[in-house]
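The values are calculated or read from the model by the stated rules, or taken from the named source; none is laboratory data. Just so you know, these numbers come straight off a predicted model, no measurement behind them. Cβ coordinates were reconstructed from backbone atoms using ideal geometry, including for glycine residues, and neighbour counts include every protein chain displayed.
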Amino acid sequence: MRISSLLSAYQQERHSSGYSDETIERVVLNITMYSRDMHVGSIERMTTESVLTWGGKKLNAGKKSSTVYAYYNSVKSLIKYLDEQGIKHEMDKDRIKCKPVYERMVCLRPNDVRRIIKHADYETGLLIRMMYSSGMRISEAIRLTPQMIDGDEVYMRGKGGKVRTVFVTASIANELQILKNGEEPFFCLNRSDAYYRIKKAMVDAGYPNAYPHSLRHTFTTTMLRQGATLSHVQRLLGHSQISTTQRYEHLVTDDIHKAHAKYLVKI
């Protein structure tokens, strides 16, 4: 089976299953890139060894490990689809792996977010407030439509087509309805435009190392600092594994350690 034909079928099935356009597009682009780079035109010739060779070449060419990790995740998404459809292939997803090395997680405080909002226009400021108060990813936030909100509850379809419930404040929900009350998304922005607007506000406010996903990190650490359980935060973020949420625990522990050192009356 030609990879191009397979990807067309993949797109149709994943769209009907409710996967986000961003997720589908990422898989299609990365698999198409693999097919072009490795001169592999059919799924029968797509093997574990060729995928690992491709990833190795990308690393040698200067790509970050986190980028190659994302490439491999696209391959694994395709493998999942092939297995679901009963299509034979020559790939072992357990061997296709690359440990990502991410930059240090940047977490802000609520007051930092308030300062950033002051350097944004109204629409961007509302987007920032919504992402901070709900833990939404930027791609989820710009897809939000009036039909997805019921009061302060938002029914969100995130990565992998998974559905979860998140919450926004009543004031944000009201402002969103005033902003637009039709069937189109509240924010008429693509991901690049939204990223640029938020990043610019962060830089202008004096936080050049922050990035839009820092708002999701800030939501998480704020919830944990205020006493929310890991289980609650895990569900709000849509993490499949509790271990993913536990990455944030050390940031909260750091706070406790500093408080101990500052306030303890030593004897």
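Residues of the stretch 21-44 that are outside any helix (DSSP H, G or I) and touching a residue at least 24 places away in the same chain (Cβ under 8 Å): Val40, Gly41, Ser42. Taken across the stretch 199-208, residues that are out of contact with any helix residue (DSSP H, G or I) (no Cβ under 6 Å at 6 or more places or on another chain), surrounded by fewer than 13 Cβ atoms within 10 Å (Cβ to Cβ) and either of a type in the set (S, T, N, Q) or in a loop (DSSP other than H, G, I, E, B) (or both) do occur, with at least one present. Candidates in the stretch 57-69 are the residues that are hydrophobic (A, V, I, L, M, F, W, C) and more than 17 Å from Ser35 (Cβ to Cβ); of these, the one that is surrounded by the most Cβ atoms within 10 Å (Cβ to Cβ) is Leu59.
Selection of the stretch 8-20 for residues being assigned to a helix (DSSP H, G or I) and over 22 Å from Val68 (Cβ atoms) yields Ser8, Ala9, Gln11, Gln12, Glu13, Arg14, His15, Ser16. The listed residues are Ser50, Ser42, and the only one of them that is among the small types (Gly, Ala, Ser) and either closer than 29 Å to Arg157 by Cβ or touching a Leu at 6+ places or on another chain (Cβ under 9 Å) (or both) turns out to be Ser42. Residues of the stretch 103-143 that are buried (at least 22 other Cβ atoms within 10 Å of the Cβ) and of a type in the set (S, T, N, Q): Ser134 alone.
For Ser50, the test of being over 29 Å from Arg191 (Cβ atoms) and either over 24 Å from the mean Cα position of the chain (by Cα) or not assigned by TED's automatic domain parsing to the domain that holds Arg143 (or both) is passed. Taken over the stretch 11-20, the criterion of being in contact (Cβ under 8 Å) with a residue 24 or more places away in the chain and within 21 Å of the chain's Cα centre (by Cα) is satisfied by Arg14, Ser17, Gly18, Tyr19, Ser20. Looking at the stretch 18-43 only, could you name the residues that are exposed (fewer than 13 other Cβ atoms within 10 Å of the Cβ) and either of a type in the set (S, T, N, Q) or in contact with a strand residue (DSSP E or B) (Cβ under 7 Å, 6 or more places away or on another chain) (or both)? Of everything in the stretch 18-43, just one residue is exposed (fewer than 13 other Cβ atoms within 10 Å of the Cβ) and either of a type in the set (S, T, N, Q) or in contact with a strand residue (DSSP E or B) (Cβ under 7 Å, 6 or more places away or on another chain) (or both), namely Gly18. For the stretch 159-179, the criterion of a residue being under 28 Å from Asn73 (Cβ atoms), buried (at least 20 other Cβ atoms within 10 Å of the Cβ) and not β-branched (Val, Ile, Thr) is satisfied by no position.
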